[in-house]
Each structure stands twice: as C-alpha cells, then as structure tokens.
Amino acid sequence: MRLGYCLFAMLVIGGCASSPETPLRTAESYEPEVVRTLELRKRYGLPVPNASTIIYVDSVAVHHTYNEASTIVWRDETGVWRWSQAREVGPGGLFPVERKLEHFKEAELSLPEGGLLDQIVGKPALYGDKIATSGQTGIGAPFHVMSIVSPHGRVTIRWSARLLGDAGSIADIALGHS
C-alpha cells in the first residue's frame, strides 16, 4: 500500500512539474482517464483536437447503465476557445445495454467564457491549489477527472459533487455547456 501511495505521489508531483514551454502532447503520457476519453472518441471516429492549451474532462456515472462523457475544451490556433462533447451509454450498470454513442456536439465558446478561461489558465495557483467541493454525491452521480494542459503548467483534478474555486469555474464552463 505504501509503495502504491509513493508511486501515486510521484505521478502527481511529476505531472504538476512539467515545463511551461512544453505542454503535454502525447496520449501515452496522459492519465488513464484521459486515455479512456480519447478512446471513446476514437471508437466512433470523432475528432480529437490538438492544441497547446487544452482541457480534457472524463465523466463517468454508473447506476442502471454506464454513462461516460468525453468533454474537451481548447483554444485553437486563432485564439478562439472551442468545446466538444461526446456521450456514450453502455454495459456496466444494472441493465445490460449495448454500447452506443448518445450525443456528440461541438461549439464555439462565448468571448466572456473564453476570457475567463484565459484568465484562470494563466494563474500559477491553478496548478498547485488543493481542490474544494460542496454538496453531496448521490447514487449514480458522475465522477469527473479533468486534465488541464497549457503553456503555464499541467494539473489533473478528480472530483464528484460540485467543484469550487478556479478549477470549479473551468468545470462549470466545460460541463455546463451541453
């Protein structure tokens, strides 16, 4: 158990210490949840954005069915913030259902949303702050993993309930857009 904790701590510390000039770019370096969210998109032949500033959110809820959402928010080469989400339902819950794509949508974020993302992603504290949540997690509520990769740093946040603070503002934009 102690060895597992040490390995986890090394991954977290190493993940937060990436060079500001070289954001993470290869899927092999991502956390397992980000790899899973990219595989969901690959399964259906959906686009996977590539940008120096990108936010991946993998959301999983299991109760009657297994539901997963792959949400990606990124600033494109012109400086415009974009949003994309794919949702899948599948086996793994109480009911035996076939895996299928339920939803796919892409959109351009508003200028105020993009401005807020630029402001938050540029804050050094985002990449080292502790997370805070509020509320209670109900049965079948989603568990989220958000990886933020930018020239300013890299951080991965795991939560259920409602995420607060700057990370919560990013999650509200990413997850509240569908």
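Any read-out appearing in this document is the output of simple, stated calculations on the displayed coordinates, not a laboratory observation. Just so you know, these numbers come straight off a predicted model, no measurement behind them. FYI the Cβ positions are ideal-geometry reconstructions off the backbone, even for glycines, and counts take in every protein chain you see.
Look at THR71, THR156, THR133, THR78 and count the other Cβ atoms within 10 Å of each Cβ; fewest to most, that gives THR78, THR133, THR156, THR71. Of all aspartates and glutamates in the structure, the ones whose alpha carbon falls short of 14 Å from that of LYS130, not counting any fewer than 8 places away in one chain, are ASP166. Couplings for the stretch 108-124, taken from phi via the Karplus curve 6.51 cos²θ - 1.76 cosθ + 1.60 with θ = phi - 60°, read 9, 6, 5, 4, x, 5, x, x, 5, 4, 4, 5, 5, 5, x, 7, x Hz in order; Gly and Pro are left as x.
Residues in the stretch 132-142 carry Karplus couplings, in order, of 9, 10, 9, x, 10, 9, x, 4, x, 5, x Hz; the curve used is 6.51 cos²θ - 1.76 cosθ + 1.60 with θ = phi - 60°, and Gly or Pro positions show x.
Cut-off is 10 Å between beta-carbons; in what order do TRP159, TRP81 appear when sorted fewest neighbours first? Before the final figure, lay out the partial values.
Details: TRP159 19, TRP81 24.
With the fewest neighbours first, TRP159, TRP81 line up as TRP159, TRP81.
Annotation for the stretch 91-144: GluC sites (Glu not before Pro) lying in DSSP loop with at most 14 further Cβ atoms inside 10 Å of their Cβ are GLU98.
Under the 0.36 nm per residue contour assumption, what length would be gained going from the current alpha-carbon distance of VAL35 and ALA107 to full extension? Please report the intermediate quantities before stating the final value.
Values: separation 72, 0.36 × 72 = 25.92 nm, distance 2.25 nm.
Answer, rounded to one decimal: 23.7 nm.
What length, rounded to one decimal in nm, is gained on full extension from THR78 through to GLN119, with 0.36 nm per residue of separation minus their alpha-carbon distance? It would help to have the intermediate numbers written out before the result.
Details: separation 41, 0.36 × 41 = 14.76 nm, distance 1.71 nm.
Additional length available on full extension: 13.1 nm.
For the stretch 74-80, putting each phi into the Karplus relation 6.51 cos²θ - 1.76 cosθ + 1.60 with θ = phi - 60° gives couplings of 8, 9, 6, 5, 8, x, 8 Hz, in residue order, rounded to whole numbers and with x for Gly and Pro.
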